[in-house]
Amino acid sequence: MEMISRNTDTPSSPLDGGECGPAEDAVARRLLQSGFSFLGVQMYEALLSLKLLRWLDGVDHGRIAMIGHSGGSGVANVLVRLESDDLAAFVSDYQTTYGSLDIAPGELLLNTFVPGLYPQYIRINDFETSSVPAIAVDYGYPDFDAVVDFFDAEFGG
């Protein structure tokens with residue numbers, strides 16, 4: 001993490017959820033050149049978070065839910081496929097193709113650029129096939145009541 005932060009032009013690391021733009025593009029490219037992906041780093045962080053929740057006393061493991069926003073939804077849409085046993089519900093406001101190798105000149109690479117996932121993007125974003133109750137909502141959650149209603153229905157209010 002330190003290396004990534006040191007090699008960007010921003011005062012803080014783009015890994016801390018900053019705006020999309022040149023810094024995110026720089027991190028995504030550096031990771032890809034090193035054989036990694038930005039999404040992979042974020043997946044690792046999310047998996048560690050789930051591990052921590054499983055370890056904490058007082059956490060009802062049957063009531064762990066996940067909400068993804070923007071690029072975080074791209075991460076979460078994959079994570080819900082890998083860790084369905086640990087999640088009771090999931091909400092996403094963004095579906096991505098994860099990119100293909102056809103990159104236009106000047107195009108910024110975002111955290112969700114993982115060309116290896118591109119052939120699977122339709123399946124990843126199809127919440128009807130998720131083993132975890134899931135809904136897709138409009139970007140930015142303009143109707144957050146729908147999210148609350150969903151969780152109330154899943155967890156019994």
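The values are calculated or read from the model by the stated rules, or taken from the named source; none is laboratory data. The structure displayed is predicted, hence computed values, not measured ones. With ideal geometry, Cβ positions are generated from the backbone for all residues, glycine too; neighbour counts draw on all protein chains shown.
Remark: pairs (first residue in the stretch 142-157, free of Cβ contacts under 8 Å to residues at least 60 places away in the same chain; second residue part of a loop (DSSP other than H, G, I, E, B); Cβ separation under 8 Å; 6+ apart in sequence or on different chains) = Asp143/Val137; Ala146/Val137. Just so you know, in the stretch 49-77 the residues that are outside any helix (DSSP H, G or I) and touching a Gly at 6+ places or on another chain (Cβ under 9 Å) include one that is surrounded by the fewest Cβ atoms within 10 Å (Cβ to Cβ), and it is His69. Kindly establish whether Ala46 is touching a strand residue (DSSP E or B) at 6+ places or on another chain (Cβ under 7 Å) and either aliphatic (A, V, I, L, M) or closer than 26 Å to Phe150 by Cα (or both). Judged against the criteria, Ala46 is not a match. Residue selection: Gly99 fails the criterion of being under 17 Å from the mean Cα position of the chain (by Cα) and surrounded by fewer than 17 Cβ atoms within 10 Å (Cβ to Cβ).
What number of residues in the stretch 49-77 are of a type in the set (D, E, K, R) and either within 24 Å of Ala28 (Cα to Cα) or at pLDDT 95 or above (or both)?
Of the residues in that region, 0 qualify.
Just wondering, is there one or more residues in the stretch 109-131 that are of a type outside the set (Asp, Glu), closer than 23 Å to Ala146 by Cα and surrounded by fewer than 15 Cβ atoms within 10 Å (Cβ to Cβ)? Looking for residues that are of a type outside the set (Asp, Glu), closer than 23 Å to Ala146 by Cα and surrounded by fewer than 15 Cβ atoms within 10 Å (Cβ to Cβ), one finds at least one in the stretch 109-131, hence yes. Scanning the stretch 82-98 for residues that are charged (D, E, K, R) and either in contact (Cβ under 8 Å) with a residue 24 or more places away in the chain or under 10 Å from Ile124 (Cβ atoms) (or both) yields Glu83, Asp86, Asp93.
Annotation: of all residues in the stretch 50-75 being under 21 Å from Ile135 (Cβ atoms) and small (Gly, Ala, Ser), the one that is farthest from the chain's Cα centre (by Cα) is Gly62.
Within the stretch 125-154, being among the charged types (D, E, K, R) and over 19 Å from Ser70 (Cα atoms) holds for Glu128, Asp149, Asp152, Glu154.
I need the full set of residues from the stretch 1-48 which are assigned to a loop (DSSP other than H, G, I, E, B) and either among the hydroxyl-bearing types (Ser, Thr, Tyr) or modelled with pLDDT of 90 or more (or both), in order please. Thr8, Thr10, Ser12, Ser13, Ser34, Gly35, Phe36, Ser37, listed by residue number. The residue that is surrounded by the fewest Cβ atoms within 10 Å (Cβ to Cβ), counting only those in the stretch 37-48 that are among the small types (Gly, Ala, Ser) and closer than 16 Å to Arg81 by Cα, is Gly40.
Can you pull out the residues in the stretch 90-125 that are of a type in the set (D, E, K, R) and either at pLDDT below 95 or not in a loop (DSSP other than H, G, I, E, B) (or both)?
Within the stretch 90-125, Asp102, Glu107, Arg123 meet the criteria.
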